[in-house]
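To start, the structure itself, in structure tokens.
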There are 2 protein chains.
Amino acid sequence: MSTKQKIEEGSEFIPKFDANGLITAVATDAVTGQVLMVAYMNREALDLTIRTGYATYFSRSRRKLWKKGEESGHFQRVEQILVDCDQDCLILKVAVDAGQCHVGYQSCFYRVLEKGSDKKLKFIAEKTYDPEETYKKQI
Amino acid sequence: MSTKQKIEEGSEFIPKFDANGLITAVATDAVTGQVLMVAYMNREALDLTIRTGYATYFSRSRRKLWKKGEESGHFQRVEQILVDCDQDCLILKVAVDAGQCHVGYQSCFYRVLEKGSDKKLKFIAEKTYDPEETYKKQI
């Protein structure tokens, strides 16, 4: 079995981290399937996620581990971790409460590009919580 | 309105490309919502996707534009493009035929990490087409 076959057709989890030591992780709602957010993990974040059962990411802007919900209380309990063909991307199926995006929406993907435009966004969701209330300790 | 507010709360599409000039794109099945694959776009790939209505990515390994389906025939007709809060990630809701992953599955995410393990993957899908048949021109 070639390395490529082992990665693509094998049963061994061999996550591939990029040049910055990160792997992309897509969090989806375990119940509805909705894509909630896309974030990144380093090896330590992935290990913590597997070990604790709660999603931990690596914040590229803050350069540190970030247990989702540590400030907002909106934790992600991981039910399943899926990996893609070349093992450089993960899906986390997570159990969540209302409001996963720091802007106040359930999903970070609350806007859609309007048909026929390459500039104009349309809002497709309502806020599910007040982020100022949630994050007021930080404001 | 601050730049952050403009990006997060505004109606202008201002996609943010990373240091390599790429933005992450998650393709989901427009009918079922299933996550099919995660790939990357540069500005040109995104423009082509918007203009043609068919998903075009930038292949990081081959360092070139890649219209999904150009070899396999498994094109992705884009129904909607969503953008996340900080505008550095897209979801493409796409209409597809059977078999989006080059390994032969409908989704690239055909394996799940077994409960209690950090090493063992379990297959959760059946192949929907024979990639050797599809890609035989290239083999």
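Go through the range B:79-96 and give me each residue that's without any contact (Cβ under 8 Å) to a residue 60 or more places away in the chain and surrounded by fewer than 24 Cβ atoms within 10 Å (Cβ to Cβ). Walk me through it before giving the result.
Of all residues in the range B:79-96, those without any contact (Cβ under 8 Å) to a residue 60 or more places away in the chain come to B:79-82, B:84.
Scanning the range B:79-96 gives B:Glu79, B:Gln80, B:Leu82.
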Could you figure out which of (1) more than 13 Å from chain A (Cβ to nearest Cβ); (2) within 21 Å of A:Ser117 (Cβ to Cβ) isn't true of B:Gly69? (2)
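Please specify each residue of the range A:85-105 satisfying the condition of being of a type outside the set (Gly, Ala, Ser), at pLDDT 90 or above and over 10 Å from the mean Cα position of the chain (by Cα). Steps first, answer last, please.
So in the range A:85-105, the residues of a type outside the set (Gly, Ala, Ser) come out as A:85-94, A:96-97, A:100-103, A:105.
Add one more test, that the residue is at pLDDT 90 or above, and what stays is A:85-94, A:96, A:101-103, A:105.
Within the range A:85-105, A:Cys85, A:Asp86, A:Gln87, A:Asp88, A:Cys89, A:Val96, A:Cys101, A:His102, A:Val103, A:Tyr105 meet the criteria.
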With criteria (1) farther than 18 Å from A:Ser117 by Cα; (2) more than 15 Å from the chain's Cα centre (by Cα); (3) within 13 Å of another protein chain (Cβ to nearest Cβ), B:Ala27 comes up short on (2)
Can you tell me which condition B:Leu46 does not meet? The list is (1) more than 10 Å from every other protein chain (Cβ to nearest Cβ); (2) in contact with a Pro (Cβ under 7 Å, 6 or more places away or on another chain), and all the others hold. (1)
Quick check on B:Gly99: is it surrounded by 19 or more Cβ atoms within 10 Å (Cβ to Cβ), in contact with a helix residue (DSSP H, G or I) (Cβ under 7 Å, 6 or more places away or on another chain) and within 21 Å of A:Asp88 (Cβ to Cβ)? no
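Which of the residues spanning the range A:24-73 are of a type outside the set (Ser, Thr, Tyr), in a loop (DSSP other than H, G, I, E, B) and touching a residue at least 60 places away in the same chain (Cβ under 8 Å)?
From the range A:24-73, those of a type outside the set (Ser, Thr, Tyr) are A:25-27, A:29-31, A:33-39, A:41-48, A:50-51, A:53, A:55, A:58, A:60, A:62-71, A:73; that's our starting set.
From what's left, in a loop (DSSP other than H, G, I, E, B): A:30-31, A:33-34, A:42, A:53, A:55, A:60, A:62-63, A:68-71, A:73.
If the condition is that a residue be of a type outside the set (Ser, Thr, Tyr), in a loop (DSSP other than H, G, I, E, B) and touching a residue at least 60 places away in the same chain (Cβ under 8 Å), then A:Ala30, A:Val31, A:Gln34, A:Glu71, A:Gly73 are the ones that fit.
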Restricted to the range B:79-120, and to residues that are assigned to a loop (DSSP other than H, G, I, E, B) and among the β-branched types (Val, Ile, Thr), which residue is farthest from A:Gly104 (Cα to Cα)? B:Val103
Taking the range A:105-121, which residues are polar (S, T, N, Q) and loosely packed, with under 14 Cβ neighbours inside 10 Å? A:Ser117
Pair list, Cβ < 6 Å and 6+ apart or interchain, from the range A:116-134 residues that are at pLDDT 90 or above to residues that are surrounded by 11 or more Cβ atoms within 10 Å (Cβ to Cβ) and not in a loop (DSSP other than H, G, I, E, B): A:Asp118/B:Ile50; A:Leu121/A:Arg111; A:Lys122/A:Val112; A:Phe123/A:Arg111; A:Ile124/A:Val112
Going through the range B:94-105 in order, the residues found to be of a type outside the set (Val, Ile, Thr) and either more than 9 Å from chain A (Cβ to nearest Cβ) or closer than 15 Å to A:Val26 by Cα (or both) are B:Ala95, B:Asp97, B:Ala98, B:Gly99, B:Gln100, B:Gly104
Select from the range A:106-128 the residues that are of a type in the set (S, T, N, Q) and within 15 Å of the chain's Cα centre (by Cα) and write down the one among them that is farthest from the other protein chains (Cβ to nearest Cβ). A:Gln106
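Do we have B:Thr52 as more than 11 Å from every other protein chain (Cβ to nearest Cβ), among the hydroxyl-bearing types (Ser, Thr, Tyr), closer than 18 Å to A:Leu113 by Cα and surrounded by fewer than 20 Cβ atoms within 10 Å (Cβ to Cβ) here? Walk me through it before giving the result.
On the way: more than 11 Å from every other protein chain (Cβ to nearest Cβ): yes; among the hydroxyl-bearing types (Ser, Thr, Tyr): yes; closer than 18 Å to A:Leu113 by Cα: yes; surrounded by fewer than 20 Cβ atoms within 10 Å (Cβ to Cβ): yes.
Yes.
The values are calculated or read from the model by the stated rules, or taken from the named source; none is laboratory data. Computed from a predicted structure; not experimentally measured. Counting neighbours? That spans all protein chains shown, and the Cβs are built from the backbone with ideal geometry, glycine included.
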